1. Within the range 57-89, which residues have the backbone N less than 16 Å from the label spot 7 Å out from residue 7 along Cα→beta-carbon, could you tell me?
2. Roughly how many whole Å is it from the C-alpha centroid of the range 33-57 to that of the range 135-201?
3. Compute the orientation-averaged projected area for the chain from the convex hull of its Cα atoms and round it to one decimal in nm².
4. Which whole-number percent is the relative contact order of the chain (Cα, under 8 Å, 6+ apart)?
5. Once both labels are modelled 7 Å past Cα along the beta-carbon direction, what's the residue 77-residue 62 spacing in nm?
6. Counting only DSSP beta bridges with both residues in the range 15-96, what percent are antiparallel, rounded to the nearest 5?
7. Could you work out [θ]222 nm for the chain from helices alone, using -39500 (n - 2.57) per DSSP H run of at least four and dividing by all its residues? Round to the nearest 500 deg cm²/dmol.
8. Fewest first, what order do 227, 183, 104 take by the number of other Cβ atoms within 10 Å?
């Protein structure tokens, strides 16, 4: 049965999540599923279809003034609302991760995690988002924009790949909110026009995180996306028409790079 269109909050206790199946939305669903598995911390969620602009409606912007998902509301803190994925990761672990399973106590590790989260928030997310826009959603294929943002995304994931040499996770060699912040974007690199196989350390990190049951559950909220690296490859194999269109797009990205003399370098 189709979900009813949200028109306001529906819970009166615990955490309520307003989200959609995007890299930013996955930050919230993954940490909430991890906290649920680790501590039994349950939550309520509503799917906010961004294609219908529900996130721009007044009831939503009262909670998240930026009009973007995800937003959480902590009903046990007087209906306190938190917008932005980075802030949500910090808030939830600060209040509901007493054993620091996904966060840190050492001040230097706290800073290291903050640095990687800020790096994603200001770099990987915005640049990869622009790659998606110019490669897929712009009405005109503009070669400069295609090579500029695809190339910058490659430069940034190269930084991750290099950092992950000899370590399983970004900070303290344990899975944490630092990893969750970047995972969703890496999870859709192929859709963005970047070859994940070219970054073996990053690919191994992605596979390691994807294998976590709570991560898998988080990726299903509100429904499984076709943008993930795994589902993208499956569709390439199963759908000939899709594969032909994707091949044509990758050729356009390649041609745009050649037109502007792009050469990969990182950092």
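1. It comes to 57-60, nothing else.
2. Spelled out, the Cα-based centre of one part sits 24 Å from the other.
3. Values: hull surface 60.5 nm².
Approximately 15.1 nm², given one-decimal rounding.
4. Working: 371 pairs, mean separation 60.2, N = 267.
Here the relative contact order equals 23 percent.
5. It works out to 2.0 nm between the two label points.
6. 60
7. Dividing the helical sum by the residues of the chain leaves -15500 deg cm²/dmol.
8. Working: 227 18, 183 24, 104 21.
Ascending Cβ contact count within 10 Å gives the list 227, 104, 183.
Values in this text are rule-based calculations from the coordinates and carry no lab data. Predicted model only: the values in this text are computed from it and were never measured. Neighbour counts are summed over all protein chains in view; Cβ atoms, including those assigned to glycine, are modelled from backbone coordinates with ideal geometry.
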